[in-house]
Amino acid sequence: MINHLKDEISFDKILVIGLGQLGLPVAKYVKEKGFDVYGYDNNQLAMDNAEKQHGIKKIENFRDVDVFMICISTHREDDISSPQVDGLMTITRKIAKEATNGKLVSIESTVPSGTTRKMFEILEHRFHVVHAPHRWYALEEDVHGVNQLRVIGGVCDCCLRTGIRFYNGVEHEERSDLEYYSGTKSYRSLRIPMYSVSTVELAELSKIIENADRYLQIAFAEDLYMFCKANRISFAELRDAVNTKWNVNILEPRDGIGGHCIPKDTRMFLESSEIKSKILIAAQEVDKNYRKYIEGMIKDLKQINH
């Protein structure tokens, strides 16, 4: 049981699991902070690239690792909008089999509520387990990269304390403390500001709700765009006018809600409760109609050009 393990562990050897769009920037950041960082991925080319291009050393056995930072995809290979955590469970079983008791396991991947606790059960309560969902944004990495305010939750209190020490270098029991305040014991860390929550399930939900909220914002922009077209109104001019108000920010609809984060995470949210969100279901329908509308516009333009 984790309660009987040493709470204060060293953070000497760090392993980033998953070296894709999220994991590689994480590994690079950890390396920049002076840690002994390694990388693991089921794609050999990803490991080769991380080592040759960025000096992220390969690893096969997990025995001597102090911190596991899990950054693997949580969508199906054949459908990026469908959640799937099979890969997480596979890597968790490998950690349980090979790693040393009492080490820190941090899940940065976006996961459905309840996933982190299931992983803790697979690990037989022998590890400190936290969920620290990423907020990394590829298009604005300089501003919204690895080092930005993040949410963190632990399966147990000692898990949370250990996770906070690793990420921001302080030990505290108070929730929602964002400062490296004086008088607090300091640790070698990533120096990432963390917002701690009382349960790991809250941390899990915080991430998928962030993206569900984004889905709603884009869907409203899509709906408004179609409204403007139907009523011969300039969407761009209307949007600019409305956005002059300090608490309004209507987005651009562009070509629909895509990518492998927002649609997938919205589905995670819809599947997280027996009570379905009517507004999100309606937003999905709006996006579906908007895509058809855009396809029709493109088809009409092609016919005109021919």
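The values are calculated or read from the model by the stated rules, or taken from the named source; none is laboratory data. Please read these numbers as outputs of a predicted model, since none were measured by experiment. Don't worry about glycine lacking a Cβ; one is built from the backbone with ideal geometry, like all the others, and counts go over all protein chains shown.
Miscellaneous remarks
- Residues that are surrounded by fewer than 17 Cβ atoms within 10 Å (Cβ to Cβ) and either of a type in the set (D, E) or assigned by TED's automatic domain parsing to the domain that holds P25 (or both) are absent from the stretch 65-74 altogether.
- On the stretch given as the stretch 278-306, residues that are surrounded by 15 or more Cβ atoms within 10 Å (Cβ to Cβ) and either of a type in the set (D, E, K, R) or without any contact (Cβ under 8 Å) to a residue 40 or more places away in the chain (or both) total 3.
- Condition met for A50 (of a type in the set (A, V, I, L, M) and over 19 Å from the mean Cα position of the chain (by Cα)): yes
- Which numbered condition T266 misses (of (1) surrounded by fewer than 21 Cβ atoms within 10 Å (Cβ to Cβ); (2) within 18 Å of I218 (Cβ to Cβ); (3) not acidic (D, E)): (1)
- Of the helices (runs of 4 or more DSSP H) lying entirely inside the stretch 228-306, those carrying at least 2 residues that are among the polar types (S, T, N, Q) and in contact with a helix residue (DSSP H, G or I) (Cβ under 9 Å, 6 or more places away or on another chain) are 278-305.
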